[in-house]
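Quick notes on the structure that follows.
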Number of protein chains: 2
Amino acid sequence: MEDRINIGHGDGGKLTQDLIKEVFLDKFKNAVLAKLEDSAVLEIEGKKIAFTTDSYTLSPIFIPGGDIGKLAITGTINDLAVMGAKPLFLSCAFVIEEGFETKALKKIVDSMQNEAEKAGVALVTGDTKVVEKGSADKIFINTSGIGIIISSVAKDRIEIGDKILINGTIGDHGACVLAQRNKFDLNLKTDCASLHGLIENMLKTSSNIKFMRDPTRGGIAAILNEIIQDKDFGILVDEDKLPIKDEVMAFCEILGFDPLQLANEGKVIAVVDREDAPKVLKVMKEHPLGRDAEIIGEIIDEPRVLLKTKIGTHRIIDMPLGIQLPRIC
Amino acid sequence: MEDRINIGHGDGGKLTQDLIKEVFLDKFKNAVLAKLEDSAVLEIEGKKIAFTTDSYTLSPIFIPGGDIGKLAITGTINDLAVMGAKPLFLSCAFVIEEGFETKALKKIVDSMQNEAEKAGVALVTGDTKVVEKGSADKIFINTSGIGIIISSVAKDRIEIGDKILINGTIGDHGACVLAQRNKFDLNLKTDCASLHGLIENMLKTSSNIKFMRDPTRGGIAAILNEIIQDKDFGILVDEDKLPIKDEVMAFCEILGFDPLQLANEGKVIAVVDREDAPKVLKVMKEHPLGRDAEIIGEIIDEPRVLLKTKIGTHRIIDMPLGIQLPRIC
């Protein structure tokens with residue numbers, strides 16, 4: 001591994017995986033962590049609990065459609081929900097740069113509380129550290145979360161022919177953050193939203209949802225590659241079916257970004273049994289956060305992620321490598 | 001409240017309390033958070049669970065006797081233990097500055113794993129973010145923890161005559177960090193240690209341990225004041241009984257610090273029924289982390305924290321106000 005940590009080690013792609021494997025997994029050897037799921041699934045006196053953590057370093061801290069506070073709630077709720085858990089309790093820990101405006105802090109706390117209340121989760125414990133000016137950039141927020149497992153999502157049941165579903169347009173969050181950072185005046189909003197309501201409806205509809213993940217850093221390219229990692233099957237994605245907003249597509253074309261690699265903060269990718277896929281899709285479309293849901297692809301027997309382009313050719317979707325986009329979440 | 005966050009808002013004293021009350025509690029209204037304990041005590045399907053979070057911003061990151069990694073484990077374990085919980089699972093989330101040495105990261109991860117293993121807790125979920133050079137100072141670590149409540153510690157049972165116990169010398173951690181920062185060559189080591197074993201022994205010995213807290217930021221001055229907050233009783237501390245290392249005393253005298261306000265990372269303050277205090281003290285002294293344990297004071301009917309000095313006078317120990325010592329933990 002490299003001698004020094006670089007931005008790519010935090011982008012959710014190949015370098016992040018290397019870092020996790022070489023530095024963390026090797027030391028923190030235990031079966032739960034080794035699964036590298038979005039939440040750990042624990043058993044405490046016979047109860048199955050999901051436990052997750054995320055630090056949020058979003059920059060800029062306020063963006064159209066959200067802010068670092070809202071994101072810190074939705075992101076952690078989603079990490080619990082995709083594991084089949086009902087989110088119950090959150091912690092929040094702030095690292096604040098000396099001189100940060102109290103007004104901005106109050107605005108962030110406001111949106112955390114609004115989102116938590118809407119989602120029916122309680123912020124039950126917290127911590128605040130203040131560091132000297134220049135030792136942090138404005139504010140970093142960690143939220144950890146606990147949920148109770150209501151449905152077990154078993155990746156090992158995935159088989160050829162299973163369908164890949166997504167609840168809406170891709171790349172909205174990543175495009176929004178990057179446009180803000182570069183001061184592009186495009187009408188881009190983050191999709192940041194708590195998905196547990198939508199996911200609960202999906203889980204009620206089918207007991208054959210085999211995998212769910214929210215495609216944040218690294219975008220759907222990273223998640224699709226994670227699904228097939230160390231497996232002998234692959235995924236074929238139909239570009240025609242990929243929901244992408246025109247503004248996001250335009251943004252990507254101007255700047256040369258791949259929308260498949262852009263972060264989402266209100267999206268879930270689900271692998272669903274082929275028979276059940278249509279009814280899961282229907283239920284998704286009935287939910288406000290799933291109106292643009294689509295079946296975007298399926299599990300195939302060739303062990304890689306392939307995109308069937310609009311003109312009919314196939315291209316390989318690789319695990320993102322060194323996207324160099326820090327502080328997207 | 002002030003327009004901008006200042007270093008004092010993070011020092012664990014009066015300003016931190018103001019920030020928590022005015023910015024957080026006012027918004028995040030819920031009964032669990034409002035207790036402002038070291039851990040939240042939650043009920044999940046009939047099981048009592050403790051849940052806590054802390055972000056660690058220690059500077060320098062390596063100090064005699066420990067480092068930011070060890071501290072991130074012991075600190076969170078202790079926050080669970082003082083609530084009467086057996087620590088079970090920890091999360092860890094890293095915010096790393098671009099360019100941070102992989103070797104240093106590995107060393108930190110090493111000491112996290114060593115401490116977790118020794119303490120019998122598992123690191124089950126994690127997160128890594130990398131921010132641009134200059135956007136964070138080296139590394140910040142958040143650990144959140146889950147434990148199962150084995151004994152309920154009920155602050156509301158405190159009464160006049162109860163004894164105040166501590167398991168050893170005060171101010172070691174704070175003095176060590178400050179000496180390192182100022183490059184003083186004094187033989188000072190952090191006391192950073194996981195206290196759950198000691199605390200379990202104490203709880204087994206007496207069902208009349210009414211309160212426990214680890215006196216970190218703000219030192220024992222902050223904790224003693226927290227105990228009597230909004231109460232009609234006070235605390236009398238006997239200076240003669242306060243265990244302080246000679247080196248720490250010398251350090252404080254040279255630099256004008258009050259050892260009562262210096263952070264500890266391997267100490268627990270307990271309020272114990274007067275009858276049970278001697279046997280709890282005995283059990284503490286039998287544990288490697290309690291050899292220097294003492295009964296340092298008692299609950300009195302005058303509602304403030306008083307220090308009976310070595311020369312027999314009384315001075316008030318106030319809640320620390322603006323100690324201006326960031327990144328002690």
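The values are calculated or read from the model by the stated rules, or taken from the named source; none is laboratory data. In this text the structure is predicted, and so the values were computed from the model without any measurement. Cβ: placed from backbone, ideal geometry, glycine included. Neighbour counts: every protein chain shown. Quick note on the areas: whole protein, heavy atoms, side chains included, nothing else; ligands and nucleic acids left out. Shrake-Rupley method; radii C 1.70, N 1.55, O 1.52, S 1.80 Å.
Just to be sure, is residue A:286 loosely packed, with under 14 Cβ neighbours inside 10 Å and touching a residue at least 40 places away in the same chain (Cβ under 8 Å)? Answer is yes for this residue. If you filter segment A:1-32 down to residues that are in a helix (DSSP H, G or I) and open to solvent by less than 20 Å² (accessible area, probe 1.4 Å), you find that the one that is nearest to the other protein chains (Cβ to nearest Cβ) is A:10. Of all residues in segment A:191-219, those satisfying the criterion of being hydroxyl-bearing (Ser, Thr, Tyr) and in a loop (DSSP other than H, G, I, E, B) are A:194, A:206, A:207, A:216. Of the candidates B:191, B:292, the single residue that is among the charged types (D, E, K, R) and buried (at least 24 other Cβ atoms within 10 Å of the Cβ) is B:191. Scanning segment B:55-97 for residues that are open to solvent by 20 Å² or more (accessible area, probe 1.4 Å) and charged (D, E, K, R) yields B:70, B:86, B:97. Within the option set A:142, A:187, A:225, A:182, being modelled with pLDDT of 95 or more and either in contact with a His (Cβ under 7 Å, 6 or more places away or on another chain) or in the same structural domain as residue A:269 (by TED's automatic domain parsing) (or both) holds for one residue only, A:225. Only a single item in (1) under 19 Å from the mean Cα position of the chain (by Cα); (2) assigned to a helix (DSSP H, G or I) is not met by residue B:250, and it is number (1). Screening segment B:56-163 for strands (runs of 3 or more DSSP E) wholly inside it with 2 or more residues that are more than 10 Å from chain A (Cβ to nearest Cβ) returns the ranges B:85-97. The set of residues in segment A:303-320 being part of a loop (DSSP other than H, G, I, E, B), in contact (Cβ under 8 Å) with a residue 12 or more places away in the chain and loosely packed, with under 14 Cβ neighbours inside 10 Å consists of A:303, A:309, A:310. For segment B:220-246, filtering for residues that are open to solvent by less than 10 Å² (accessible area, probe 1.4 Å), within 11 Å of residue B:304 (Cα to Cα) and assigned to a helix (DSSP H, G or I) leaves 2. Just one of the listed residues (A:73, A:63) is under 26 Å from residue A:188 (Cα atoms) and touching a strand residue (DSSP E or B) at 6+ places or on another chain (Cβ under 9 Å), namely A:73. Note on segment A:38-48: among residues that are part of a loop (DSSP other than H, G, I, E, B) and within 8 Å of chain B (Cβ to nearest Cβ), the one that is least open to solvent (accessible area, probe 1.4 Å) is A:39. In segment B:18-46, the residues that are over 16 Å from residue A:91 (Cα atoms) reach residues that are crowded, with 18+ Cβ neighbours inside 10 Å and modelled with pLDDT of 90 or more with C-beta atoms within less than 8 angstrom, at least six apart or across chains, in these pairs: B:18/B:9; B:19/A:128; B:19/B:5; B:19/B:9. Flag not set for residue B:51, criterion: open to solvent by 40 Å² or more (accessible area, probe 1.4 Å) and of a type in the set (Phe, Trp, Tyr). Within segment B:228-261, the set of residues being within 16 Å of residue B:16 (Cβ to Cβ) and in contact with a helix residue (DSSP H, G or I) (Cβ under 8 Å, 6 or more places away or on another chain) comprises B:261 only.
Reported count of residues in segment A:285-302, each being in a strand (DSSP E or B) and in contact with a Pro (Cβ under 9 Å, 6 or more places away or on another chain), is 3.
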